[in-house]
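What follows is calculated from the coordinates using simple rules that are stated; it is not laboratory data. Just so we're clear, the structure is a prediction, and the values are computed from it rather than from any experiment. Cβ coordinates were reconstructed from backbone atoms using ideal geometry, including for glycine residues, and neighbour counts include every protein chain displayed.
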Amino acid sequence: MEAILELENVSKRYPKTGFSLENISFSLPYGAIMGFVGENGAGKTTAIGCILNTVKRDGGSVKLFGREMKDSDTELREKIGVVYDGENFPGYLTAEQLSRIMAGMYRRWDQPLFQKYLSSFGLSPKQKIKQYSKGMSMKLAISAALSHHPQLLILDEATSGLDPIVRDDILELFLDFVQDEGHSILLSSHITSDLEKVADYITIIHDGRLILSGTKDDLIYNYAILRCGESQFQAMDRGDIIAFRKRDFQTDVLVSDIRIARRKYAGIVADHSSIDEIMLILIKGERT
């Protein structure tokens, strides 16, 4: 399957802090949404910086639309819309002033489309951005990102801190965006319930390392958590165990195929897993 974004062994080290992003590899197909998941400080923002060339990587390669992006490559940058958590634009600007600036930056800036987004989101074009709520600011940033007709959206915690109604509106917008099979989204978030609604793929990183990447449906419908007593856990085939976590008198065991697990371990409760549960066991649990 052709990929709009490919990372291969991307690394970045910060000697002063001791943090390092180590050999991150994944690919995002065209027409898909990938949830990029990890706790705060896991390295999501660093990885996004490596993708956008705002962080100089120490190793590995990043391909966008099949080729590496150079600092001077305005053609590729035109195809990417970026939204960060927090302040995306100076607060002293109005949306109307912002649109004039964006028109000078992007050849495909679509002023009528931007005005349409402002109207649908109930944003005043003459109001100072600093007077917007966080939800309004995020809607403005997404409107601006979409109004130069990108093919790839890269969103770093774009739904963080927003109320459920606003988040739902934005998620619907993302689903509309990828109806075009030439569009894709990399959505960094720690709100896994949002990703379960819209993502096609999930990539999980922890402490700068990739620990799992796969389709959302595989993780939700095929992966399972077995709730074991100690004797049941000790009797399990170690080759079936991805990770496990001991809690008082129970051990939660992550396996990759619920149907095989239910046949093989008929006396053990096997539950379908959420993204949260999978991440928790992978990060806080142990490997065999």
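Worth pointing out:
- Residue match in the range 125-139 (condition: buried (at least 21 other Cβ atoms within 10 Å of the Cβ) and either at positive phi or among the hydroxyl-bearing types (S, T, Y) (or both)): no
- Any pair with Cβ under 7 angstrom, 6 or more apart, that starts in the range 109-138 at a residue that is within 16 Å of V83 (Cβ to Cβ) and ends at one that is among the acidic types (D, E): G135/D163
- Subset of the range 152-205 [under 14 Å from A141 (Cα atoms), surrounded by fewer than 21 Cβ atoms within 10 Å (Cβ to Cβ) and of a type in the set (G, A, S)]: S160
- Residue that is surrounded by the most Cβ atoms within 10 Å (Cβ to Cβ), among those in the range 11-59 that are out of contact with any strand residue (DSSP E or B) (no Cβ under 9 Å at 6 or more places or on another chain) and over 16 Å from A158 (Cα atoms): T54
- Scanning the range 99-113 for residues that are under 15 Å from K126 (Cβ atoms) and basic (K, R) returns a single hit, R100.
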